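Participant: Here it is, the structure, as structure tokens.
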Amino acid sequence: MINVLIAEDDFRVASIHEQFFQKIEGVKLIGKSSNAKETLEMLKQYENIDLLLLDVYMPDEMGTKILPIIRNLYPKVDIIMITAATDKKHLEESLRSGVFHYLIKPVTVEKFTDTIKKYIEKKQLLSSRNEVDQTLADHYFGDKQAKTIEKKEIYPKGIDPLSLEKVRDIIRQSDSGITAEEMGERMGASRTTARRYLEYLASTNEVTAELEYGIVGRPERKYSKLK
């Protein structure tokens, strides 16, 4: 799950971007800030933010001016800049601060969704490897001549990587284990779909599965994270 903070002084634009995020699986909006001060306060308050959508023009300070502060205090937070301005210096300042992408308003839902999905894919790509080779680096930075990287996992039919990661997150938070029915309710899917993901994780030895008898005596499989 990717935790996101939107920093945007125009509440209408912020609401539009929030709606865009709702169309993307595997993303959770942590909050919205309307100025630079609120943005820094929320980054301090929520330590689990992965991605910041940062406006350039805010009422109290330029987004590009607080980039070095964010980089110094919160080095693990990834940043996508967004602005209506076409001044090249803002892009140059953003690039020097290592932003993931730079979007020009108004942003279409297609462009927005494509950018966020590519961010998620690249984050998953890095997390899937312990070592970096040139092929991976070329793939990450968009080298069209790069060889196709073999995926660490080849998923069977019916297993979506983003949904699978959501199931993994839920299991990590379930200290006492979870049934397929409970998983379905929490991930917003049917019991059958939830069981398919849980059985896949059991087959890869990421979780354990044990029969548990309910009040009426009907056995039900309960899935738990490995100790």
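Since every read-out is calculated from the coordinates, none of them should be taken as a lab result. The shown structure was predicted, so the numbers you read here are calculated from the model rather than taken from an experiment. Glycine gets a Cβ as well: all are built from the backbone with ideal geometry, and neighbour counts include every protein chain shown.
Participant: Only one of ASP78, ASP50, ASP60, ASP87 is touching a residue at least 60 places away in the same chain (Cβ under 8 Å) and charged (D, E, K, R); which? Before the answer, list the steps.
Facilitator: Values: ASP78 fails: touching a residue at least 60 places away in the same chain (Cβ under 8 Å); ASP60 fails: touching a residue at least 60 places away in the same chain (Cβ under 8 Å); ASP87 fails: touching a residue at least 60 places away in the same chain (Cβ under 8 Å).
Going through ASP78, ASP50, ASP60, ASP87 in turn, the sole match is ASP50.
Participant: Can you spot a residue in the stretch 100-112 that is within 19 Å of the chain's Cα centre (by Cα) and among the charged types (D, E, K, R)?
Facilitator: Checked against the condition, which is being within 19 Å of the chain's Cα centre (by Cα) and among the charged types (D, E, K, R), the stretch 100-112 yields at least one hit.
Participant: Testing GLY98 on (1) in a helix (DSSP H, G or I); (2) surrounded by fewer than 16 Cβ atoms within 10 Å (Cβ to Cβ), one condition comes back false. Which one is that?
Facilitator: Unmet condition: (1).
Participant: Just give me the residues in the stretch 119-133 being touching a residue at least 12 places away in the same chain (Cβ under 8 Å) and in a helix (DSSP H, G or I), in sequence order.
Facilitator: Of everything in the stretch 119-133, those that are touching a residue at least 12 places away in the same chain (Cβ under 8 Å) and in a helix (DSSP H, G or I) turn out to be TYR119, ILE120, LYS122, LYS123, GLN124, LEU125, LEU126.
Participant: Of all residues in the stretch 19-67, how many are assigned to a helix (DSSP H, G or I), surrounded by 15 or more Cβ atoms within 10 Å (Cβ to Cβ) and not aliphatic (A, V, I, L, M)? Let's see the steps before the verdict.
Facilitator: So the first thing to find is which residues in the stretch 19-67 are assigned to a helix (DSSP H, G or I), and the list is 19-22, 36-45, 63-67.
Within this subset, residues satisfying the condition of being surrounded by 15 or more Cβ atoms within 10 Å (Cβ to Cβ) are 20-21, 36, 38-40, 42-43, 63-64, 66-67.
From the residues that got through so far, the ones that are not aliphatic (A, V, I, L, M) too are 20-21, 38-39, 63-64.
Here the count works out to 6.
Participant: Say whether the condition of being outside any helix (DSSP H, G or I) and among the small types (Gly, Ala, Ser) is met by at least one residue in the stretch 75-85. Before you say what the answer is, go through the steps one by one.
Facilitator: Narrowing the stretch 75-85 to residues outside any helix (DSSP H, G or I): 75-85.
Those still in the list that are among the small types (Gly, Ala, Ser) too: 84-85.
Yes - at least one qualifying residue is present in the stretch 75-85.
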